[in-house]
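The values are calculated or read from the model by the stated rules, or taken from the named source; none is laboratory data. The shown structure was predicted, so the numbers you read here are calculated from the model rather than taken from an experiment. Counting neighbours? That spans all protein chains shown, and the Cβs are built from the backbone with ideal geometry, glycine included.
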Amino acid sequence: MIGSNRKEYAVKKGKTVTRRQFLKRSIGVATAFTIVPRHVLGGQGQTPPSETVGGALIGCGGRGPGTFEAMGLNARLLASCDVKFLDRADNKTIYTDFRRLLERKDIEVVAIATPPHWHALISIAAMEAGKDVLCEKPMTRFIAEGRAVVEAEKRYNRIFQVGTFGRFGESRNPVSIQIHKIMKSGLLKKCEAVHIKRGEFKVKEWSGKVNLQPEPVPPNLDWDMYVGPSPMKLYHRHRTGGTHRGYWDYEGGGLADMGQHFFDPFQWTWAKDDTSPVEIEAYAPPAHPEACGMWGWVEMKYADGMTLVFDSGEWAQPYNRKEGRGVSLSDLDEENRKKVEAMPDPQPLVSFAEAVKTRKQPGGHAEAAHRCATLLHLANIAIRTGRKLRYDPVKEEIIGDEEANRLVNQPMRAPWHL
Amino acid sequence: MNESSSVLARLVGKLPDPDEQGMLSNIDKEAVDSIIAEIHKGGRDSIIGLVDMLVEPGKGDDVKPRYALHCLALYVCKLRDENYRRAFADTLASQLSGERPKAVQGYIVRQLQVAGGREAAPALGKLLCDEELCEYAAQALAAIGEGAAEQLRNALPKATGKCRLTIVQNLGVVRDTKSVGALKQTIGDPDRDIHLAAAWALANIGDAGSVEILLKAADAQDAYERIKATQACLVLTEKLLTAGKKTEAVKVYTHLRDTRTDVTEKYVRDAATRGLAAAGSKR
C-alpha cells in the first residue's frame, strides 16, 4: 500500500536503494528459490535453507523495505502486495489483494507497512492464516482494533511484534530498570511522577488539508481497496503517499504516527503494559471532521496517580500545570526500598526473530503495543471531542460519554470487520 | 437573504481560513468556540442554514459551513444536555431527503454518527437500500447502537449488492438475535463476501443453533473461505463458552481438532486443542 512519498530507502546499513530496486532484487531472489532446489542454495557461506523462512511484504511504500528488514530473520521475500500494483500484479509474486497472498502455505512471516487503517485487519487476517507478523507503527487506528489483534494473537498463538523497538534499549538502561522495578513492585503508596514529552509530534507537518477537491484515481491504484475499512471518500493524492497521516480515516496526525516511538519505551519503563490512563484532558481547538490539525497539550492521569503529558509546542501556550517529576528509591520507606533492591532485573526482551524461532513472546507483543497505541488514541479522542474523558482501562470504554465511545470502536465498511 | 441568514453567513465567515497549504494552522480556539455558541443560539434555522450552504465536492467552496456543522455536533454533545443534542439530531435527520445531493446527505449522516441518537435511526434506516448512502447510514446506525437493529433487520429483505453485504455485516455488529433465521438463509448466498459476512454475524451473535452450519462452512476447500469460516467457528466457541454453552463449544473445537490434520493447519488444530483444555473437556 502507499506509504511515505520519499523515493529512496535505506534497506541495509550504508546502502541506499530505491523501492523499485528492492522489490526487483527481492522478488528475483524469491523466483530463483522457486526454481532451484532448496538444498542447492545452502552452500558454503550461505544460510542453510532449513534456517530461512518464507516472507511477504504487504504495503510496499516508504516503510515497506525497512519493515521487512526489521524482522531480523533470514526471510526470503516470496511475495509483495500493494494496492497500487494494479499495473503489474501477477498473483504469483506481486499482489494487490492481501487475502490472496495470505492463502499461500509457503509464507510463514508477514511484514505489514500499509497505512495504519489497515494494520489491525491485515495483522489479524495474517494470524488467522497461521503467519507471524511484524507490523509497522502505529499499531492501530482506534482502540478496539488493538484489543482484536491481542485476541487473535492469543487465539492462534502467533507471534506479533510492532515495528518500534525503543523498549529494547530502555530495558537495558540501569536508570530505566530501577524505575521499572519500583513501578512493577506496586509498593509506591501514591505515584507523583509527571512525565512530559515536549515537541517532535510533527503536528503541522502531518496535518490534513481541509479543502480537498476530488481528483481522478491513478490507473495503477485500487482506490476501493486502499480505503478498505474506512469511510469511502473521493480520491485525492494527499490522502495517500505519506500525507495520509493527516486524515482521521487513515491515521491520526503526527501524534499517532510519532507517539508509538515515544511511548513504547515509556510504557516499559513505567510498567504500564497492562493498563491505560483513567482521565484524559486536551487543550485544542475544535477538531475538523476529516483533517487532523493543531493541538496544544494532552494531560493523562493513571489510577496510581502518575501523570503523562504530551505538549506539542506547536500551538498555543506550552503546558504549565505541572512540572516533570520522576520516581526514585527515596520515594519508598526503608522496608520497601530493600524489597525493590532485592528484586531481580527483568529478563532481556525477546526480539521478533528469536520469538519466531523459539515461540516465546516478543518484547513488543500485541498487548504492550495495544496499550501504547491506546495512549495515542485516547489523546486524539480528547482532542476530537473537546471533552474531558474518564476511561475504564479494564473494560476499555470511556465512562459516561456514549458519543466519545463511538471513536473507541469505529464501524467499518463491509466486508471488513474486527 | 433574510436577517437571520445574513447573521449566520457573517458568523460562518468569521471562522478561520485555511492557510496556504489548505490546513487550519492559524486557529483561535476561544474565537471558534464563541462563534459556534452564537450559531447554536440560532437553533433549527441555523442548522438548516448551514446545511443549505453545503455543496457537492468539486462544485464550490463549503469549507467553513462543513467545519461549522461538525463543530456544532461536537458542541451539542459537550453541553451534556439531551434536549440540545436531540434537537440538533432531529433537525439534521429531517434534512435527509431526496432533495439534497447525495454527497451532502452523506455528510449529514456522518454528523449524525457524531451526535445522533435513537431519534435519528428511522431516517438513517431509509437510506439502507441506497447504493450511495447505505454504507454511511449503516456505519452511523452501528455507532449509535440504539434502534439500529430494527432498521437493519427491516431493510435486509429489500437490499441487494453492496447494501445487502453492509446490512448483513452490521446485523452481526449489533448482535441482533432476531435476525438469526435470515442470516442462516444468507449463508447460502452465492456472493462470497455476503455469505462470509453472514457466517461471522452468526458467530458474533453467539447463536448455539448455528454450530452445524458454521462447521460446514469452515470445511470449505477455498483457502480464504476456509480461513475466515474457521475464524467464525472459533469466535462462536468463545461466545458460547461465555454464555455457558459448553457442549456446543466442545463440539466445534473437537471438529476443528479432528479435521485440521494437514501440517499447514496445525495452528488451528492447536487452537482447538487449547480451547478444549480451557473448556475443561476430556475429549
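Quick notes
- Among the candidates A:19, A:100, A:63, A:104, residue that is over 25 Å from residue A:127 (Cβ atoms) and either among the basic types (Lys, Arg) or at pLDDT below 95 (or both): A:19
- When region A:225-258 is limited to residues that are assigned to a helix (DSSP H, G or I) and β-branched (Val, Ile, Thr), the one that is farthest from residue A:201 (Cα to Cα) turns out to be A:227.
- Extreme residue, nearest to the other protein chains (Cβ to nearest Cβ), among residues of region B:133-187 that are touching a helix residue (DSSP H, G or I) at 6+ places or on another chain (Cβ under 9 Å), under 21 Å from residue B:233 (Cα atoms) and of a type in the set (Gly, Ala, Ser): B:172
- Region A:184-222, residues that are under 30 Å from residue B:170 (Cα atoms), touching a residue at least 40 places away in the same chain (Cβ under 8 Å) and more than 10 Å from chain B (Cβ to nearest Cβ): A:221, A:222
- Subset tally (residues that are assigned to a helix (DSSP H, G or I), within 21 Å of residue B:187 (Cβ to Cβ) and out of contact with any His (no Cβ under 9 Å at 6 or more places or on another chain)) for region B:230-252: 14
- Residue count, region B:241-272 (criterion: buried (at least 16 other Cβ atoms within 10 Å of the Cβ), β-branched (Val, Ile, Thr) and within 14 Å of another protein chain (Cβ to nearest Cβ)): 2
- In region A:264-302, of all residues being in a loop (DSSP other than H, G, I, E, B), more than 20 Å from residue A:138 (Cβ to Cβ) and in contact with a strand residue (DSSP E or B) (Cβ under 9 Å, 6 or more places away or on another chain), the one that is farthest from the other protein chains (Cβ to nearest Cβ) corresponds to A:302.
- Yes/no for residue A:358 being outside the structural domain of residue A:98 (by TED's automatic domain parsing) and either of a type in the set (Lys, Arg) or in contact (Cβ under 8 Å) with a residue 40 or more places away in the chain (or both): no
- Within region A:374-418, tally of residues that are more than 8 Å from chain B (Cβ to nearest Cβ), on the phi > 0 side of the Ramachandran plot and in contact with a strand residue (DSSP E or B) (Cβ under 8 Å, 6 or more places away or on another chain): 1
- Residues in region B:233-267 that are closer than 16 Å to residue A:130 by Cβ and under 30 Å from the mean Cα position of the chain (by Cα): B:233, B:234.
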